[in-house]
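Okay, so here's the structure we're looking at.
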């Protein structure tokens, strides 16, 4: 009696399967079919060969060629002929209105709101449930921005110097856990234990996985393993250290594992693993049952066979040779075996193994699972929610229509998501990934990869290696990962992170967020109002076109900053030392050491120390931040701005001062005039050198304090400085005369 056919992923030392041809329990029902089968096979062979020739030409032709916003508010000053403000510039579209709106914007971010879009860490992807009505894939950041408890500074996690919120890993860095489900008795709403800032994940008991079939590999997702798990702190959960009591399991993607059972085994299979929130972990188990396969068994020969399935659930083993197999209708299991095979699943949810050789596999209609196996294989998922796994070799895979999962495996692979919300993982090797249409998740994996997001809002991670990542259309989230990467956001409002290594990050068109991460990086914002975040290393940051915000961190290395076109802001809020920001000279210094050289910067946000900010002859909007800050105007050009609008201080507070003392030595006709504080300007002062202030009300209800200095009999020679808010100023708020003990500005 012949042994039943058992299918599994091929092994190097496996023995040939027993030879069986159309084994069936029927006695007479298929006689007529067998009589005409030779004619059907001849006709089918010609049709298939013609179809595959056209398909190969089409596949080759279709290969990828490797391919500071301002709040919209009207703001004007009360017209007053006693001031030096030209009423023609007042209004929503006038120069004064523009400066006021910019000042309001800077005030709104001082102190900055939590910069949730700033990233400088690897991305972890949530498992995506596939099925009818599935929503686009989403992503979460492993390390979101943190607020330093000592200074209140919002900084990217890669530059955060305090403890990570949520506590630390116990047991010397090893995750802690207990018996499966034991942590489930912990109350998720209970407060954290004394002396402990993190609560462990909770479980609802062991996980029951869907049953598998005899000798068939199974793809297990992270979402399945995390069923019933939750975290009271809202931390992201993941799976670590998974083992199995029989067979073999390997991770094939960031959120997927491939389980291969032993030959001819049926019965229960148990998995053990840890559920972790990044700080603590609990032990968990999962189980499934392997069941026998029921269906018609069809076996080929060691020659070049053409095998046609039935309308029922077939099990087909083509064995050796260059075979052509068509499963037809229903849910078929097809194994190509050795040789360069061409396998078609047809309708139904099929499972197809290419085996050894350079195979071409079509899933057809239905939710299919395709394994390329060894060799340089070509896989087409076609319609349906398909899973394509290339395996060993330089493979090409097309997801087709539907929300597909594509894994290249080892080798230099060419992977296409095509239509739908696809998840693509290049695996090891220098891979080329293209998400196509839809909101896709793409991971390059190890190797020097090229990744294209295509249309849609994509999440991309280059992984290890020197990668090229292109967001293309849509608002994408891209992380270069380890290595010297090149990241281009394309069009859309993108969030881009270089990661470790010397990276080049380009925002492209749109209001983008760029973070170089560690290494000597080059960041270019491109078009739009961009946010550029400096990381560790000697970086070059260029805002490009648009009103950009450039955030520097204190790393002790001098960075090069170019604001580019537009009204650009240098944000130094992350510094807690006393800064000297010299806009005319274009330098940022800490205790005499240069922290940055900059060009084309108009506006400044100071840090939490006692900063000195020196205005230049452009229209400057300045925020000192925390600390007793000094705003220095050392020339009449810095006050008059070549006839443009006045400079603006958005957060003047008690302890801050306006320094006009250096005007006396600037060599102008005004040098002999001595400035003095004359108090509130109840009426215009006729005395030369008088510094007065006046309270003005804006049309939108905001209040501004306007400083006026009388320099000449001609009112046109007066200068003004605008302070946001209402301030009853005194002489102590000014430095009007140089002191003998004044040190040089950057001492």
Does region 230-339 classify as rounded, prolate or oblate by the C-alpha gyration tensor (a ≥ b ≥ c root eigenvalues; a/c under 1.5 gives rounded; else a/b over b/c gives prolate, otherwise oblate)? prolate
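Once fully extended, how much extra length lies between residue 677 and residue 700, figured as 0.36 nm per residue of separation less the alpha-carbon to alpha-carbon distance?
Working: separation 23, 0.36 × 23 = 8.28 nm, distance 3.00 nm.
Length gained, residue 677 through residue 700: 5.3 nm.
Would you mind classifying region 295-408 by shape? Square roots of the alpha carbon gyration tensor eigenvalues, ordered a ≥ b ≥ c; an a/c under 1.5 is rounded, otherwise it is prolate if a/b is larger than b/c and oblate if not.
On the way: a/c = 2.24, a/b = 1.11, b/c = 2.02.
It is oblate, given that a/c is not under 1.5 and a/b is not larger than b/c.
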Computed FRET efficiency, Cβ-Cβ of residue 301 and residue 365, R0 22 Å: what is it to the nearest 0.05? 0.15
Mind jotting down the distance between the C-alpha centroids of region 426-466 and region 273-339, whole Å? 28 Å
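Taking the number of other C-beta atoms within 10 Å as the exposure measure, put 335, 199, 291 in order starting with the fewest.
291, 199, 335
Figure the gain on full extension for residue 419 and residue 687 (residue separation times 0.36 nm, minus the Cα-Cα span) and round it to one decimal in nm.
Going from the current span to full extension adds 88.9 nm.
Taking only C-alpha pairs under 8 Å that are 6+ residues apart, what is the relative contact order of region 295-408 in percent? All intermediate terms of the calculation are to be shown ahead of the outcome.
Working: 446 pairs, mean separation 17.0, N = 114.
Averaging sequence separation for qualifying contacts and normalising by length gives 15 percent for region 295-408.
Given R₀ = 22 Å, what would the calculated FRET efficiency be for residue 557 paired with residue 617, taking r from the Cβ atoms and rounding to 0.05? The partial results should precede the final answer.
On the way: r = 29 Å, r/R0 = 1.34.
E(calc), rounded to 0.05, equals 0.15.
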By how many nm would the segment from residue 473 to residue 730 lengthen if fully extended, with 0.36 nm per residue of separation less the alpha-carbon distance? 87.0 nm
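Computed from the coordinates by the stated procedures, all read-outs in this text should not be read as laboratory data. Because the structure is predicted, anything quoted here is derived from the model rather than measured. Virtual Cβ from ideal backbone geometry, glycine too; neighbours counted across all protein chains shown.
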